[in-house]
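Colleague: Okay, handing you the structure first.
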Amino acid sequence: MTCIDTHVHFWKYNRTRDAWMDDMKVLQQDYIPQNIESVLKRNDVEGCVAVQADQSEVETRFLCELARSHPFIRGVVGWVDLCADNVEDRLQHFTAYSEIKGYRHIVQGESNDFLLRKDFQRGVQLLKAFNYTYDILIYHYQLRPALSFVSLFPEHKMVIDHCAKPDIKHKEIDEWAKLMREIARYPNVYCKLSGLFTEATWKAWTAGDFYPYLDVVFEAFGTDRLMYGSDWPVILVSGMYVQWKSLLEKYMENYSEEDREKVFGRNAIQFYNL
């Protein structure tokens with residue numbers, strides 16, 4: 001079974017740029033491909049998608065260079081300023097980097113109405129013309145504007161990162177579940193099974209904490225539109241790589257081999273055109 005991790009980050013730690021890590025000591029160091037390659041091999045993961053963690057074109061080029069020198073990095077989700085007047089020119093510039101499969105903006109750090117900005121929507125509209133996907137990074141309380149946002153792009157491949165970061169720590173689920181079911185009605189929208197460890201109580205969770213949330217997304221999106229991801233190295237704040245992959249494998253143990261192949265690899269290859 002081909003397994004692709006759709007959500008991995010790399011960086012060379014910079015205290016000023018990476019201030020968001022201030023309460024996450026384990027992240028305050030360099031994380032480069034050599035740090036994860038053996039981890040992927042031990043967990044029978046053949047490749048990964050590198051996702052931007054800094055909002056700069058320097059970051060996008062950095063990830064592309066890593067992908068060029070490390071074949072297990074199968075694709076890159078980069079960043080350009082989608083609100084910029086010259087965004088079309090920048091997207092054209094980056095077509096020279098075949099490693100780029102899509103783009104992302106850190107919307108979780110923006111105001112709740114950011115997805116409704118006309119200049120941002122214009123930039124996202126241009127992505128489809130270049131055959132790029134879009135990763136939606138939001139918190140659960142940003143799902144309502146996200147619904148309005150995805151309704152404007154019915155033909156564009158999009159994926160919700162980290163199941164929209166539900167509040168697992170406080171066991172809040174009802175409103176998140178309602179909105180996730182609504183957004184899943186758009187057949188072009190996928191969902192990544194990633195990032196949930198850090199939404200629970202760090203290193204004090206049990207597998208059962210995640211099952212109600214997995215039940216919702218499996219029911220809503222089905223196995224055709226779910227993709228495995230680790231959110232490495234951020235996952236290390238709350239757990240180990242093998243723990244998350246094993247938890248998902250256990251959750252899916254009664255699913256067919258075909259369904260498991262879709263979630264752990266085939267959907268990623270199709271979605272990101274790997």
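Colleague: Taking H as built 1.01 Å from N, whose amide H comes closer than 5 Å to the amide H of His7, not counting residues under 5 places away?
Modeller: For His7, the qualifying residues are Val49, Ser230, Asp231.
Colleague: 5 Å is the cut-off here: which amide hydrogens, built 1.01 Å from N in the peptide plane, fall below it relative to Leu193, excluding neighbours closer than 5 in sequence?
Modeller: HN-HN under 5 Å from Leu193: Met227, Tyr228, Gly229.
Colleague: Same structure again: May I ask you to evaluate 6.51 cos²θ - 1.76 cosθ + 1.60, the Karplus curve with θ = phi - 60°, for each residue of region 158-174 and list the ³J(HN,Hα) values in order in whole Hz, giving x for glycine and proline?
Modeller: Rounded to whole hertz, the list is 10, 9, 7, 6, 6, 6, 6, 6, x, 7, 5, 4, 9, 6, 7, 9, 4.
Colleague: Over all directions, what mean area does the Cα convex hull of the chain project, stated in square nanometres?
Modeller: Taking a quarter of the hull surface, the average projection is 13.2 nm².
Colleague: If contacts are Cα pairs under 8 angstrom and at least 6 residues apart, what is the relative contact order of the chain in percent? Display every interim value, and only then the final one.
Modeller: On the way: 476 pairs, mean separation 54.3, N = 274.
In percent, rounded to a whole number, it is 20.
Colleague: Separate question: Going by how many other beta carbons lie within 10 Å of each one, how would you line up Thr95, Thr223, Thr198, Thr16, fewest first? Walk me through the numbers before you get to the answer.
Modeller: Values: Thr95 11, Thr223 17, Thr198 20, Thr16 5.
Arranged by neighbour count, lowest to highest, Thr95, Thr223, Thr198, Thr16 become Thr16, Thr95, Thr223, Thr198.
Colleague: Helix-only estimate, please: 222 nm mean residue ellipticity of the chain, summing -39500 (n - 2.57) across DSSP H runs of length 4 or more and dividing by its residues, to the nearest 500. Could the numbers behind the result be given before it?
Modeller: On the way: 10 runs with 95 residues, N = 274.
Value at 222 nm, helices only, nearest 500: -10000 deg cm²/dmol.
Colleague: Once phi is turned into ³J(HN,Hα) by the Karplus curve 6.51 cos²θ - 1.76 cosθ + 1.60 with θ = phi - 60°, what whole-Hz value does each residue of region 110-121 show in order, with x for glycine and proline?
Modeller: Coupling constants for region 110-121: 9, 5, 4, 9, 4, 5, 9, 5, 5, 5, 5, 5 Hz.
Colleague: So what are the ³J(HN,Hα) numbers for region 44-51, from phi and the Karplus equation (6.51, -1.76, 1.60; θ = phi - 60°), rounded to whole Hz, Gly and Pro as x?
Modeller: 6, 10, 7, x, 8, 10, 8, 10
Colleague: To continue, here is another question. With the chain treated as a Gaussian network of Cα nodes joined by springs under 10 Å, which of Ile173, Ile183, Ile100 yields the largest mean-square fluctuation?
Modeller: Ile173
Colleague: Any chance you could tell me what percent of the C-alpha pair distances in region 1-133 go past 23 Å?
Modeller: 38 percent
Colleague: Could you name the lysines whose alpha carbon sits less than 18 Å from that of Lys157, not counting residues in the same chain fewer than 8 places away?
Modeller: The qualifying lysines are Lys101, Lys128, Lys192, Lys262.
Colleague: Determine the distance separating the Cα centre of region 93-139 from the Cα centre of region 43-59; give it in Å without decimals.
Modeller: Spelled out, the Cα-based centre of one part sits 15 Å from the other.
Read-outs throughout are calculated quantities, based only on the coordinates presented, and are distinct from any laboratory measurement. The structure displayed is predicted, hence computed values, not measured ones. When we count neighbours, we look across all protein chains shown, and the Cβ atoms used for this are built from the backbone with ideal geometry, even at glycine.
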